[in-house]
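Accompanying notes for the structure given below.
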């Protein structure tokens, strides 16, 4: 039996085939690099392509007045809008403003998650612009990001940064981001460098610079639908307080409280923590400007002067309407009464909790004790413009308000 011997390939043949193999590997590597380059887009292009679907939200009270402002983004052409739950809690309805100028108003909800602070509103739209959703599970520390939202009502503001960390609340993860966000950015869209939404801008660290937080979009993806399941009236009053771990990758570390603010722009004057004015002298200057407007200002002027606050209608009769800003400052509130039908300002009342000595230090002792509208009052001399000042007592003998009105 004869066997053919097989000689190893000659060096010459191997060398002849090597250039082709090297060329093939080079083309494959170039193709991979090219594909990676294509996925990254400049922020201006992402803004141009995606910001049409990022909206401004205004929660409204039962009188149709805005009580705050936040952001959101459309995720279906029929009008499902993702935002943070805290943006819309307590609202009777929500006004949704698109960058195109179109405005919708709704009280309809597709879904909400109280623990992760996510809500999906539904507006009645057709062929609306919608963002492209990414996969936040693939997001890594160091990735470039673009945040688009409406801080302070400035529609479609764009900032850039990176994912600087991944932290853990009690019930979920959050991305720590360096892209600056402000009051009104809650519910905004966080894009990766390819222009896909990977997060919802949500929190601001009070004590840190450029340390903000966003919810991963994958928490919301399973909630997305065009089917309305409930309304704003069904929402819980407030979201539960959360704790944050120092680092998600160190599960042995214990949770610590982090001093974070929601990035929602709220109308001021509704709580002692958010008065219309931080300084008492500014609050009193505003009050006396209203006093000077008695008999001159109409409600529209008052509303413009108090545009950062949320006046609440506290009383209405056949002849007048009363609007109150409960916390003009931490110490005082203000009540204004407007005469119908033209809603002309007829009285301004400073809501206080003073002793008689406090009153006398500010306004002197030239007053007379009187009964007015069935209440014990101190009546001061009319000023040169014919305005009458009265101080009203409560049942404990404390001064609870100081009212200026046109003398009759």
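Sorted on the mean count of surrounding Cβ atoms within 10 Å across their residues, most packed first, peptides 367-377, 330-340 read 330-340, 367-377.
Calculated on the alpha-carbon coordinates, the convex hull of the range 349-408 measures out at 82 cubic angstrom per residue. Taking 7 Å steps out from each Cα toward its Cβ at residue 114 and residue 102 produces label points 3.4 nm apart.
Less than 12 Å from a label point 7 Å out along the Cα-to-Cβ axis of residue 339: which backbone N atoms in the range 353-386 qualify, by residue? So the set is empty, nothing qualifies. From the alpha carbon centroid of the range 354-408 to that of the range 179-223 is 51 Å. Taken as Cα centroids, the range 58-113 and the range 276-353 sit 28 Å apart, rounded to the nearest whole angstrom. Summary of packing: across the peptides 396-403, 93-100, 355-362, the per-residue average of other C-beta atoms within 10 Å ranks them, highest first, as 93-100, 396-403, 355-362. The alpha carbon convex hull volume per residue for the range 280-406 rounds to 111 Å³.
Within the range 343-358, what residues put their amide N at less than 18 Å from the label point 7 Å along the Cα-to-Cβ vector of residue 383? Correct set: 345-352.
Across the range 280-406, Cα pairs under 8 Å and at least six residues apart give a relative contact order of 20 percent. This ranking places 117, 192, 143 by how few other beta-carbon atoms lie within 10 Å of each, fewest first, which gives 143, 192, 117.
Readers should treat all values here as calculations from the given coordinates under stated rules, not as data from a laboratory. Note that the coordinates shown come from a computational prediction; the quantities given were computed from them, not determined experimentally. Neighbour counts run over all protein chains shown; Cβ positions are idealised from the backbone, glycine included.
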